[in-house]
Structures are given as C-alpha cells and as structure tokens.
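Asks: Before anything else, here's the structure in question.
Just so you know, all these numbers are worked out from the coordinates, no wet-lab data involved. A quick note: this is a predicted structure, and the numbers were derived from the prediction, not measured. Neighbour counts run over all protein chains shown; Cβ positions are idealised from the backbone, glycine included.
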Amino acid sequence: SDNAVQAAGPAPSFERVQAIVLERCTTCHSLHPTRAGYPTAPAGIRFDTRAEIERQASLIERMAVQTTAMPPGTCGH
C-alpha cells in the first residue's frame, strides 16, 4: 500500500546500498570470494558491479530483507 511505502521513507542512495552489499554479501557473492569455504560465488550470483547489484535487486530484497535468509547466520538463532 502507499502507506507502507511512505512509512519506509525515501529509497536509499545506490552508494548506501552498495556499501551494505559490499560489507554483507560480497565476501561470498563475488568473482573472488574472501570467505573461507567459498572458492566461487554461490549459485554464480555476484555483486561486484553496480549492474550486477541492480540486476539482482529483487533477489537481494527477497533474501536479505523479506526472508532474512541471507546473509547466513544473522537471523539471531
């Protein structure tokens, strides 16, 4: 609804989104993952570039915002 959108406030800048994605996602979802045990990006999903982030925006929202399935180990359990 319109009220839900208004309650969320204005959309963050791409730079803010990119900073969060770099901090929380690219340790695994990158051409060169830095997280131990991840020699390649899971499912081939990478967020190294603006185009990759924008192309996967709905997936990022679903996995990290709506379901909190990503990043793993952050759901508080």
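Asks: How much net charge surrounds residue 72 when only the other residues with a Cβ under 11 Å from the Cβ of residue 72 are counted, with Lys and Arg +1 and Asp and Glu -1? Don't skip to the answer; put the middle values down first.
Replies: Values: positive: 24, 35; negative: none.
Neighbour charge sum, excluding residue 72 itself: +2.
Asks: Determine the gain in length on full extension of the stretch residue 32-residue 11; use 0.36 nm per residue of separation and subtract their C-alpha separation, reporting nm with one decimal.
Replies: Additional length available on full extension: 4.6 nm.
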